[in-house]
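To keep things clear, I will list the structure first and then write my remarks on it.
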Amino acid sequence: MHNTLASSDYGLLDENTFAPRPNYWAALLWRRLMGATVLDPHPSPIPNVYVYAHCLQNHPGGVTLLVINADRQRVHEITLPSDAERYTLTAKQLQETSVQLNGKTLQLNRDGDMPQFLGQSTRAGHISFAPTSITFLEIANADNSNCH
């Protein structure tokens with residue numbers, strides 16, 4: 001279920017076609033990657049960049065970072081301490097009805113089944129985030145003691 005503060009029509013599924021809308025895909029990635037334990041990612045020193053950290057779902061010691069670059073024009077970077085699997089959601093325009101995961105449009109297949117959610121292997125070090133993007137970073141080998 002998706003709530004809005006003002007009476008708008010933005011369900012997670014299109015009410016006529018039942019096709020998933022962009023927020024559906026973000027919610028699905030959240031559910032698959034973000035565990036129940038919330039971690040302190042420390043405040044982001046960059047305006048319009050929001051960072052969240054949780055224990056990785058069903059993976060002891062693992063961590064998931066969620067990085068939202070809400071800046072409409074600038075690419076921003078962070079330093080990733082370990083290798084990770086990257087899942088980046090983008091759209092060609094903010095009001096698009098479709099969304100891309102690591103550059104590939106997400107949609108149900110002909111039978112109505114889910115597409116594969118393949119992460120992109122990402123090495124430790126400086127990584128960048130495109131304007132108006134949402135990125136989940138799955139750090140399976142983080143060995144975080146809060147996540148055991």
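The values are calculated or read from the model by the stated rules, or taken from the named source; none is laboratory data. It should be emphasised that the depicted structure is a prediction, and the values quoted were computed from it without experimental measurement. Cβ placement follows ideal geometry from the backbone for every residue including glycine, while neighbour counts extend to all protein chains displayed.
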Practice problem: Those residues that are farther than 18 Å from Gln93 by Cβ and not in a loop (DSSP other than H, G, I, E, B), I need them from segment 118-140; list them, please. | Solution: Gln120, Ser121, Thr122, Gly125, His126, Ile127, Ser128, Thr135, Phe136, Leu137, Glu138, Ile139
Practice problem: For Asp111, state whether it is more than 13 Å from the chain's Cα centre (by Cα), surrounded by 13 or more Cβ atoms within 10 Å (Cβ to Cβ) and either at positive phi or charged (D, E, K, R) (or both). | Solution: no
Practice problem: Scan segment 73-116 for residues that are of a type in the set (S, T, N, Q) and either modelled with pLDDT under 90 or closer than 16 Å to Leu29 by Cβ (or both) and jot them down. | Solution: Thr88, Thr90, Gln93, Gln95, Thr97, Ser98, Gln100, Asn102, Thr105, Gln107, Asn109, Gln116
Exercise. Could you please find all residues in segment 21-49 being at pLDDT 95 or above and among the hydroxyl-bearing types (Ser, Thr, Tyr)?
Key: Thr37
Quiz prompt | Unmet requirement for Val67, which otherwise passes all of (1) surrounded by fewer than 18 Cβ atoms within 10 Å (Cβ to Cβ); (2) within 30 Å of Asp113 (Cβ to Cβ); (3) touching a residue at least 12 places away in the same chain (Cβ under 8 Å) | solution = (1)
Quiz item: When you look at Leu5, is it surrounded by fewer than 17 Cβ atoms within 10 Å (Cβ to Cβ), modelled with pLDDT under 95, of a type in the set (A, V, I, L, M, F, W, C) and in a loop (DSSP other than H, G, I, E, B), yes or no?
Solution: yes
Quiz item: When segment 75-117 is examined, which residues are found to be closer than 22 Å to Tyr50 by Cβ, outside any loop (DSSP other than H, G, I, E, B) and either of a type in the set (Lys, Arg) or free of Cβ contacts under 8 Å to residues at least 40 places away in the same chain (or both)?
Solution: Arg86, Gln100
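Residue by residue, here is whether (1) in contact with a Phe, Trp or Tyr (Cβ under 6 Å, 6 or more places away or on another chain); (2) among the basic types (Lys, Arg); (3) buried (at least 17 other Cβ atoms within 10 Å of the Cβ); (4) closer than 16 Å to Ser128 by Cβ holds:
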position: Glu15; (1), (2), (3), (4): no, no, no, no
position: Arg32; (1), (2), (3), (4): no, yes, no, no
position: His54; (1), (2), (3), (4): no, no, yes, no
position: Asn58; (1), (2), (3), (4): no, no, no, no
position: Gly61; (1), (2), (3), (4): no, no, no, no
position: Glu77; (1), (2), (3), (4): no, no, no, yes
position: Thr90; (1), (2), (3), (4): no, no, yes, yes
Exercise. Could you please find all residues in segment 118-135 being on the phi < 0 side of the Ramachandran plot and either more than 16 Å from the chain's Cα centre (by Cα) or in contact (Cβ under 8 Å) with a residue 40 or more places away in the chain (or both)?
Key: Thr122, Arg123, Ala124, His126, Ile127, Ser128, Phe129, Ala130, Pro131, Ser133, Ile134, Thr135
Quiz item: Within the group Thr88, Thr122, which residue is in contact with a Lys or Arg (Cβ under 6 Å, 6 or more places away or on another chain) and either closer than 21 Å to Ala36 by Cα or β-branched (Val, Ile, Thr) (or both)?
Solution: Thr122
Quiz item: Out of curiosity, is Phe18 at pLDDT below 95 and under 27 Å from Asp143 (Cβ atoms)?
Solution: no
